[in-house]
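Written below as structure tokens is the structure these notes are about.
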Amino acid sequence: MKLQKISEIQPSLPFTEFDFQQKYLVSFKQSELGRIHAQLPLKELAEKLALVFPKKHPQGKKHLFSPEGEVALMFLKSYTGLSDDGLVEMLNGSIHMQMFCGVLIDPQSPIKNGKIISAIRNRLARHLDIKELQAALYDKWAQKLADKDLCLTDATCYESHLRYPTDVKLLWESCVWLHSLLLTTCKKLGERKPRNKYADIDRARLTYAKQRKHTHRATQKIRRRLLKLLSKLVCQWNSLCRQYSTSICLNAEQSKRIATVKEVRRQQQDLMDGKKVTHRIVSVDRPYLRPIVRGKENKRVEFGAKVNNIQIDGISFIEHHSYEAFNEGVRLKKCIEYQEKLTGVRVKRVGADTIYANNENRKFCTDNGLVTCFARKGPKPKEEDIDLHTTRRIIGNLRATVMEGSFGNQKQHYGVGRIAARNQFSEALLLFFGIHMANAATLAARELAKEEALKEKKTA
């Protein structure tokens, strides 16, 4: 066989740009991303968020993404788990990801600014209505779901991405930020920087941080010094504001941060005095976070959003979420009501953890003829219905395996294990898209399994 140089090979078939695009479209539909895309009602979700999308770009430019494309981009971020810059870089080089978002990017003029994703996310997050969007998702998936009369419910904590907070770290972060603001403001006003023990306490804190083990006495000593320094900085800032009330101009973020720092000082002072503190702040950057005590063996306290989910045939929906610690045991009735409203089917079976098995919930389930997996109170009956016993056991196993497994799948693969967000609205949005991206991937895998089963049946 005669060898030819590549440059000497002449094409025998005239391929056009359209031909290549069609081939890519076919390959996209057969890929995992394409199968997931087919499960998402992007048009309906975009219509629910119609008021959020600006009709015209602020600079008069044409929008790069359509409303459906912006929604798809949020799903894609949960799918990849990348940062904004990393997602933009991958989007530029992947034709399948571009098709997922409904765009075709010119290789000679790629997207260079990763802030476009954060701008879209912040715009959508402010108007996120979880219940309304979940109704649109369910309408798309309703025909594919079975066992709509079975309600599985459980709560979990989707942690935020932050270092483990301590009182010493919190006080020092507050001192550093307020001291920096004081120096910057004094320099602008031409004032001498106020005197304080910042440098001395900084050295003491560094010495404390370098120690491998901290005694209770050493920790209390550095806490008292940091609290005293923070109180001094707050007094100096208040004095400066009174003197230059018309000259000092702060933006909204700085004003909010000052209020947070003052609240941290008040709470820490109450703790030092032995008082009980409610709504305790654990982060200066994210003051909306609260310590959530879950009582787990490996992680006693978690920091993030606590979410109460319901599950229909392995597909999770958010029933309630909050950054405050709440008792999910009192929400069983609301879970059942929400599922019945969502599906239009009366719930007959309920699977829930032991925390839901209080007397009020037991009475509610008994009065409404609901079969539960709750352990019976009192002595075991002599003659128990075998079918009822089997049903209870199956419901309990489903809750312990399918539902708990879905939590692990979401956190491990869809970016909700440690959510990196700057505010509570963006965090809620990333949480919503992460959970439902996991749902779409589950449905896509089921469709693929059905197709392969049909192929095997035909060939057999």
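This model, with +1 at the C-beta of Lys and Arg and -1 at the C-beta of Asp and Glu, gives region 167-272 a dipole about its Cα centre of some 500 debye.
Given the chain, what percent of its DSSP beta bridges are antiparallel, to the nearest 5? Here the antiparallel bridges make up roughly 70 percent for the chain. Principal axis analysis of the Cα atoms in region 17-125 yields extents of 36, 32, 28 Å, listed in decreasing size.
Note on region 338-395: with charges restricted to the Cβ of Lys and Arg (+1) and Asp and Glu (-1), its dipole about the Cα centre is near 60 debye. For the chain, the Cβ-based charge dipole about the Cα centre amounts to some 2760 debye (Lys, Arg positive; Asp, Glu negative; other atoms uncharged). Backbone N atoms of region 348-363 closer than 13 Å to the 7 Å Cα→Cβ label point of VAL330 belong to residues 360-361. Diffusion coefficient (Stokes-Einstein, Kirkwood radius over C-alpha pairs, 4 °C, 1.567 mPa s) for the chain: 49 µm²/s, rounded to a whole number. Taking packing as the residue-averaged number of other Cβ atoms within 10 angstrom, the listed peptides 302-315, 110-123, 407-420 run from highest to lowest as 302-315, 407-420, 110-123. Footprinting exposure proxy ranking of CYS101, CYS241, fewest other C-beta atoms within 10 angstrom first, gives CYS241, CYS101.
The packing ranking, built from the mean of other Cβ atoms within 10 Å per residue, places the peptides 256-265, 158-167 in the order 256-265, 158-167, highest first.
Pairs exceeding 18 Å between alpha-carbon atoms, taken from LYS140/LYS455; LYS43/LYS112; LYS228/LYS262; LYS23/LYS140; LYS148/LYS333: LYS140/LYS455; LYS43/LYS112; LYS23/LYS140. Among VAL282, VAL71, VAL26, the order by Cβ neighbours within 10 angstrom, fewest to most, reads VAL26, VAL282, VAL71. Taking a point 7 Å from the Cα of ALA146 along the Cα-to-Cβ direction, the residues of region 395-419 with backbone N closer than 17 Å to it are 395, 398-399, 402-403. As I understand it, the dipole of region 17-125 uses +1 on the Cβ of Lys and Arg and -1 on the Cβ of Asp and Glu, about the Cα centre. Which of ILE36, ALA46, LEU104 lies farthest toward its positive end? The listed residue farthest towards the positive side: ALA46. Stretching THR366 away from VAL293 to a fully extended chain increases their span by 23.2 nm, per 0.36 nm per residue minus the current alpha-carbon distance.
Under 8 Å for C-alpha pairs, at least 6 residues apart: give me the relative contact order for the chain, rounded to a whole percent. Taking the mean separation of contacting Cα pairs over the length of the chain, I get 21 percent. Overall, the ratio between the Cα radius of gyration of region 167-272 and 2.2 N^0.38 Å, rounded to two decimals, is 1.13. Using +1 at the C-beta of Lys and Arg and -1 at the C-beta of Asp and Glu, which of PRO67, ASN423, ASN113 has the Cα lying farthest in the positive direction of the dipole of the chain? Among PRO67, ASN423, ASN113, the one farthest towards the positive end of the dipole of the chain is ASN423.
Quick note: the coordinates plus some simple rules give every number you see, no bench work behind them. Source: prediction; values computed, not measured. Quick reminder, even Gly has a Cβ in these numbers, built from the backbone with ideal geometry, and neighbours come from all protein chains shown.
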